[in-house]
Amino acid sequence: MKKISLAISLLFFLISIQAQQNQQENFLNLNKPDRLEWFRDLGFGMFIHFSFDSQLGVVISHSMAGASEDYLNRFVNELPKTFNPKEFSPDDIATLAKLAGMKYIVFTTKHHSGFCMWDTQTTEFNIMNTPYGKDLLAEYVDATRKAGLAVGFYFSPEDFNFLYENGMQVRRRFTEPIPEKIMGKYLELVELQCMELMAQYGDIDIIFFDGGEGPLQEKCKEVVWELQPEIVVTRGAIKTPEQMVLGIASDEPWESCITMGTQWAYKPTNEEYKTGARLIEILIETRAKGGNLLLNVGPKPNGELPEEQDANLREMAAWNFINYEAVEKVSPWILPNEENIWFTWKPEEKTLYAFLTKIPDWTRGARKEFLLKSVLTSEKSEVSVLGQSGELVEYQPETDAKTYFEQKEDGLHISCVRAQRIYNNNKWHNPLVLKITNAAPSLEPPAVVTNRPVISGSANNLITFNGEIINKGDAEKLKAGFQFREYAGFVEELYSDEWQESETVEISGTGNFSISPQFKKAGKEYQVRAFVDHPKLRIYGDIVRIRF
């Protein structure tokens, strides 16, 4: 380890933390409420996973766990010697992120491997000791700020190289405590690294701590909040579901981090990318549920974005250019969706946005009808399709391009046309968005919670699903039940859309309900969610996973 500079050493000794602990969650959380609201308004960000092992196209960092001594030696001592991301253009990446509607970027300063992407004095294992030989993190920070985007850091308190250098097994979770002497050095390392990151790059807006839950992560949070009180800590302080979206809307800030394919870092072969349309749907669902989407890219070893990732971002950019106002600075509506129609809401303006997703065979110039059961309009209301004038369908002078609406007893009826020409072949398949002004809720929806299922029986082969109606809304009677499906997998879940359904029970008030479905597939992992049927529409609870 290099000799630590006098300035950093002094800073280390001057830090005195007097932080209040969040007793309920038993972890430090000094995020300021106004900064969290600022973060929620950002809505959409780019995650960049980039490190020297992108040269191999393998999982970032984790190939070290369980690796042989020979592998570890060459990984740490030889692989950095060929890392030269000379085509890395943070200006181009920031420009593309901004076009796609992203408001912030989070960059991997150090992943679990321990390799630092900045000019650090804490270890030789860093970007300066590669053919690139420059502080790549500084270049990222400068370009992101210049683009007007918020600057975010990813930092792993876990450090596989530190474990390797200290004769410890390279792994993420230890069954026995790390020896006190080594743990002291470990804490000092991450503390000094966080101090460098907070002291050398100006104001940092966001930081994402991954791993090291317990003393390591808590030490990191203490340091960054002491040095930069305005910083927003995401993972480590708020919910950050990985490769999934929350099952229900939340009043608390949360951020979903999602890959375009199956891997965070660059994967040159055997990769399966989501379509741009699917990524747009995930963005819509996340914003409808009150969350932020942190969408990942993994640059190639030379620093360029893979063509597939660039293409997906440009499809999102085209959609965002039309519909940006429906995902920026929005809140959840009284419910996230009615079937395949999702909602966001600007309460101060009384403006509602309805996203028309998964509409098959909607050709340009064709008119379709929609019913929004939760929406009430007034005499002052207007309904329009974002991006469209409502006056013209190019080359179709006989086609009426206007949007019509009528409030009826069962809800708001809307008739609209896909009018705007986006692709040459007229097959723009991404969601249209309706803008409804002076809107109000037409009903009070019920609220349902999915509780933990119970497994019983002599062979543990019987299961009981449990739920709770916590608010019956404005309905006299409700029907409640459950949906369930086999868990598709860590990444594959975002493609899974098929649910089986239990029988329902009738409920007249709040309280618990249970159903024992008839299925037997022992050894499988399932997802379960409760639902409640209001006379007009269905409301879902959150998703619970259980192995049966």
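The values are calculated or read from the model by the stated rules, or taken from the named source; none is laboratory data. Predicted, not measured: the structure shown is a model, and the values here were computed from it. Note that each Cβ is placed from the backbone with ideal geometry, even for glycine, and that neighbours are counted across all protein chains shown. Remember, those area values only see protein heavy atoms, side chains included, never the ligands or the DNA or RNA. Shrake-Rupley method; radii C 1.70, N 1.55, O 1.52, S 1.80 Å.
Residue check: is residue 277 surrounded by fewer than 20 Cβ atoms within 10 Å (Cβ to Cβ) and touching a His at 6+ places or on another chain (Cβ under 8 Å)?
It is true that residue 277 is surrounded by fewer than 20 Cβ atoms within 10 Å (Cβ to Cβ) and touching a His at 6+ places or on another chain (Cβ under 8 Å).
Can we say residue 53 is in a helix (DSSP H, G or I), in contact (Cβ under 8 Å) with a residue 24 or more places away in the chain and not hydrophobic (A, V, I, L, M, F, W, C)?
Yes, satisfied.
Go through the residues of region 260-267 one by one and say whether even a single one is open to solvent by 40 Å² or more (accessible area, probe 1.4 Å), within 23 Å of residue 145 (Cβ to Cβ) and part of a loop (DSSP other than H, G, I, E, B).
For region 260-267, residues open to solvent by 40 Å² or more (accessible area, probe 1.4 Å), within 23 Å of residue 145 (Cβ to Cβ) and part of a loop (DSSP other than H, G, I, E, B): absent.
Every residue in region 434-457 that is under 19 Å from residue 351 (Cβ atoms), outside any loop (DSSP other than H, G, I, E, B) and of a type outside the set (Gly, Ala, Ser), please.
434, 435, 436, 441
Using the structure shown, decide if residue 134 is more than 21 Å from residue 83 (Cα to Cα), at pLDDT 95 or above and of a type outside the set (A, V, I, L, M).
So residue 134 does not fit the description; no.
Yes/no per residue for (1) in contact (Cβ under 8 Å) with a residue 12 or more places away in the chain; (2) open to solvent by less than 40 Å² (accessible area, probe 1.4 Å); (3) more than 20 Å from the chain's Cα centre (by Cα):
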{"position": "321", "(1), (2), (3)": "yes, no, yes"}
{"position": "343", "(1), (2), (3)": "yes, yes, no"}
{"position": "369", "(1), (2), (3)": "yes, no, yes"}
{"position": "388", "(1), (2), (3)": "yes, yes, yes"}
{"position": "393", "(1), (2), (3)": "yes, yes, yes"}
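Against the condition open to solvent by 10 Å² or more (accessible area, probe 1.4 Å), under 22 Å from the mean Cα position of the chain (by Cα) and within 24 Å of residue 417 (Cβ to Cβ), how does residue 354 come out, does it pass?
Taking the combined requirement at face value, the residue does not satisfy it.
Counting just the residues of region 23-50 that are in contact with a strand residue (DSSP E or B) (Cβ under 6 Å, 6 or more places away or on another chain) and in a helix (DSSP H, G or I), which one comes out surrounded by the fewest Cβ atoms within 10 Å (Cβ to Cβ)?
Filtering region 23-50 for residues that are in contact with a strand residue (DSSP E or B) (Cβ under 6 Å, 6 or more places away or on another chain) and in a helix (DSSP H, G or I), the one surrounded by the fewest Cβ atoms within 10 Å (Cβ to Cβ) comes out as 35.
Among the candidates 521, 536, which residue alone is farther than 26 Å from residue 374 by Cβ, assigned to a loop (DSSP other than H, G, I, E, B) and either at pLDDT 90 or above or open to solvent by 30 Å² or more (accessible area, probe 1.4 Å) (or both)?
Just one listed residue meets the conditions, 521.
Of the residues that sit in region 212-243 and are out of contact with any strand residue (DSSP E or B) (no Cβ under 7 Å at 6 or more places or on another chain) and assigned to a loop (DSSP other than H, G, I, E, B), which one is most open to solvent (accessible area, probe 1.4 Å)?
Top of the filtered list is 213.
Does residue 272 satisfy the condition of being in contact with a Gly (Cβ under 8 Å, 6 or more places away or on another chain) and either open to solvent by 50 Å² or more (accessible area, probe 1.4 Å) or closer than 27 Å to residue 63 by Cα (or both)?
Answer is yes for this residue.
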